[in-house]
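This report concerns only the one structure given below.
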Amino acid sequence: MSDENKKKVEEPDFEKLARTTAPSKFNKIVTIILVAICVVLAAFIIVRMMTTSDDNAMAVQATADTGAISAVNVSAEPATIKEFSRISRMNGEIMRSGDSIAVYPDIAASGTVTEITVSRGDAISAGDIVAYVDPSRPGASYKISPVVSKVNGIVNDIPVAIGQTVTASQPIVTVAGNTDLVVEASIPEKFLGTIAEGMTAEMESVAYPGRIYTGILTYIAPTVDSTTRSSDIEIQLTGDTAGLKEGMYIRLNLETEHINNALTVPSSALDTYLGDDIVYIADGDTARRTIVTTGSTNGVDTVITSGLSEGDMVITAGNVTDGTAISVVNQEN
């Protein structure tokens, strides 16, 4: 081999070397950049996690700090022992007590009514003349016969008119022998077990709004009407009866139930939970659900037969459930 050829063999190919080393440097640069990006991302994630943890801790602390002011405002009243009354409202009519007594003419056969001297509602006494009857016949003349009441009382009906022909068996007037005013009404069958003679009643007449009359239950019919499912009752009026007249329409408030020493709560305190009657009790600053057994109610108060004691503070207003934090306002003791 010649010297020239040896030189050619030993001389390095710089272009080839350049082509093989250049990519290796580029790869190193890319790798460095990727590592740097990963480091930056890792640092960002760590910082973000630490910031979120601090925010959560601050939120928890804020909730703890504000827990006291998130309590629900409620109203509460104590369970109270007192007299309980239930009132039933119905309609009635003013009547006169006692049986009516008919007054007949004192004539032999028949005659014509020539005069009526009384009116319905008049108070009369035994011996008073209530009418006159002429018993004359065609072609004959008789003295006009007076019709005389034999009883004291109030005229409640006049079934004849002037000029009418009557007989000795025809009533001229009817008189209520007892002049006392009473109220007649009908009470639903469902209340019969809660009333008794001697109970008191209050009444108001349509003619005199706002004027209250009083009475006592004196009669309860022994039967129930099969159609209306009610029984007739009678209220004896007591006290002032000024202005009242037979036939007047009356609004009647009858005490159908009375309980002495009943444990009661406001009806607004009652609720239901899973089919049970409940109330919520203000136990310090917490609402406690309590199952109760209820008795009668009059719409304002309800009788409690078990589950509460006198003085227990029942919540009457406020949206609560068992365990709710509460703040009692306008508490009544």
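Annotations for the structure displayed:
- Taking the criterion of being of a type in the set (Phe, Trp, Tyr) and more than 14 Å from Val183 (Cβ to Cβ), the only residue of the stretch 200-220 that qualifies is Tyr208.
- For Ser119, the criteria (1) modelled with pLDDT of 90 or more; (2) farther than 28 Å from Ile94 by Cβ; (3) loosely packed, with under 14 Cβ neighbours inside 10 Å hold in every case but one, which is (2).
- Unique residue being at pLDDT 85 or above and not assigned by TED's automatic domain parsing to the domain that holds Thr294 when the list is Ser110, Ser136: Ser110
- Test: Ala123 is closer than 30 Å to Leu181 by Cβ and among the aliphatic types (A, V, I, L, M): yes
- Just one residue in the set Thr227, Thr223, Thr297, Thr241 is surrounded by fewer than 17 Cβ atoms within 10 Å (Cβ to Cβ), under 30 Å from Val183 (Cβ atoms) and touching a Leu at 6+ places or on another chain (Cβ under 7 Å); that residue is Thr241.
- Residues that are part of a strand (DSSP E or B) and in contact with a Gly (Cβ under 9 Å, 6 or more places away or on another chain) within the stretch 265-280 comprise Asp277, Ile278, Val279, Tyr280, listed in sequence order.
- Residue check for Val224: part of a loop (DSSP other than H, G, I, E, B) and of a type in the set (A, V, I, L, M, F, W, C): yes
One line per residue, one yes/no per condition, for (1) of a type outside the set (A, V, I, L, M, F, W, C); (2) without any contact (Cβ under 8 Å) to a residue 40 or more places away in the chain:
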{"position": "Ala207", "(1), (2)": "no, no"}
{"position": "Asp232", "(1), (2)": "yes, no"}
{"position": "Gly247", "(1), (2)": "yes, no"}
{"position": "Gly284", "(1), (2)": "yes, yes"}
{"position": "Glu310", "(1), (2)": "yes, no"}
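- Condition check for Ala76: surrounded by 15 or more Cβ atoms within 10 Å (Cβ to Cβ) and either at pLDDT 60 or above or not in a strand (DSSP E or B) (or both): yes
- Ile278 within 26 Å of Ala176 (Cα to Cα), at pLDDT 90 or above and either touching a strand residue (DSSP E or B) at 6+ places or on another chain (Cβ under 8 Å) or not basic (Lys, Arg) (or both): no
- Residues in the stretch 150-199 that are closer than 26 Å to Glu115 by Cα and of a type in the set (Ser, Thr, Tyr) were compared, and the one that is surrounded by the fewest Cβ atoms within 10 Å (Cβ to Cβ) is Ser169.
One line per residue, one yes/no per condition, for (1) closer than 30 Å to Glu310 by Cβ; (2) modelled with pLDDT of 90 or more:
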residue	(1), (2)
Ile220	no, yes
Ile233	no, yes
Gly243	no, no
Glu246	no, no
Glu257	yes, no
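- The residues on offer are Lys190, Lys143, and the sole one that is of a type outside the set (Gly, Ala, Ser), within 30 Å of Ser88 (Cβ to Cβ) and outside any strand (DSSP E or B) is Lys190.
- Scope the stretch 85-129; condition touching a Ser or Thr at 6+ places or on another chain (Cβ under 6 Å), β-branched (Val, Ile, Thr) and within 15 Å of Ala168 (Cα to Cα); matching residues: Val103, Ile107, Thr112
The values are calculated or read from the model by the stated rules, or taken from the named source; none is laboratory data. This one's a predicted model, so the numbers in the text were calculated from it and none came from an experiment. All Cβ positions, glycine included, derive from the backbone under ideal geometry; neighbour counts span all protein chains shown.
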